[in-house]
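Have a look at the structure below, then the notes.
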Amino acid sequence: KQEVTQIPAALSVPEGENLVLNCSFTDSAIYNLQWFRQDPGKGLTSLLLIQSSQREQTSGRLNASLDKSSGRSTLYIAASQPGDSATYLCAVAPNDMRFGAGTRLTVKP
Amino acid sequence: KAGVTQTPRYLIKTRGQQVTLSCSPISGHRSVSWYQQTPGQGLQFLFEYFSETQRNKGNFPGRFSGRQFSNSRSEMNVSTLELGDSALYLCASSLAAASRGSNYGYTFGSGTRLTVV
């Protein structure tokens, strides 16, 4: 059974700092890994999708990497801003998208 | 293009009642998945529909059911509501079914906040 773990559970940083969020999964037989952002009480916004044949994806200040063999993904956020404050979730497929518990990020002005 | 639309946004129901939630996927998406999100349990998978057929089901009691129509719109029904059913219910659409090995990502709706009193 696929287990997804995200570390740390919460993170508070000053504005402008570069940061890394971690996601690990127990079964390397995945089809894709997706990073989402969730603001309080809202739905999930997709940030990056990495298919199993890919090693990384980039969008603006965000970069996500995938290492299937070690069961790890990292989300790198450059030059963090207060607007980046949210909960970040990673999810892996197949069968169904299995989610981690998330990392709650607070970026202080 | 329009995103995933969930209605209603908020619901308050009494214990023992039943409720139906609706999800309209992105045009062209044929897969719809439902999730329950609570502070204690996080995001838990309920079921996935593709081409009007349930393809996969999570570990929820039979009080939770769903269906998908020919236009890919999906409904989720919860009967005999319990206090513990209070949660944010999220639906996600995708081009193909994750249960069939799809590597397409998910797009989520804004959710329906259900409160059972």
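The values are calculated or read from the model by the stated rules, or taken from the named source; none is laboratory data. Because the structure is a prediction, the values reported are computed rather than measured. Cβ sites come from the backbone with ideal geometry, for glycine too, and all protein chains shown count toward neighbours. For accessibility, only protein heavy atoms count, side chains too; no ligands or nucleic acids. Shrake-Rupley method; radii C 1.70, N 1.55, O 1.52, S 1.80 Å.
Kindly indicate whether B:Val19 is closer than 22 Å to B:Ser94 by Cα, open to solvent by less than 40 Å² (accessible area, probe 1.4 Å), of a type in the set (Val, Ile, Thr) and at pLDDT 95 or above. Criteria not met by B:Val19. Of the residues contained in the stretch A:64-77, one or more are found to be surrounded by 17 or more Cβ atoms within 10 Å (Cβ to Cβ), among the aliphatic types (A, V, I, L, M) and in contact with a helix residue (DSSP H, G or I) (Cβ under 9 Å, 6 or more places away or on another chain). Applying the criterion of at least 2 residues that are farther than 14 Å from A:Gly43 by Cα and touching a residue at least 12 places away in the same chain (Cβ under 8 Å) to the strands (runs of 3 or more DSSP E) found wholly in the stretch B:1-57 leaves B:10-13, B:19-24, B:31-38, B:42-50, B:53-57. Among the numbered conditions (1) within 12 Å of another protein chain (Cβ to nearest Cβ); (2) surrounded by 13 or more Cβ atoms within 10 Å (Cβ to Cβ), the only one that A:Glu56 does not meet is (1).
In the set A:Arg72, A:Arg98, A:Arg104, only one residue is away from chain B (no Cβ under 14 Å) and in contact with a strand residue (DSSP E or B) (Cβ under 8 Å, 6 or more places away or on another chain); that residue is A:Arg72. Total residues in the stretch B:63-117 satisfying the condition of being open to solvent by 60 Å² or more (accessible area, probe 1.4 Å) and either in contact with a Gly (Cβ under 9 Å, 6 or more places away or on another chain) or closer than 25 Å to A:Pro94 by Cβ (or both): the figure is 8.
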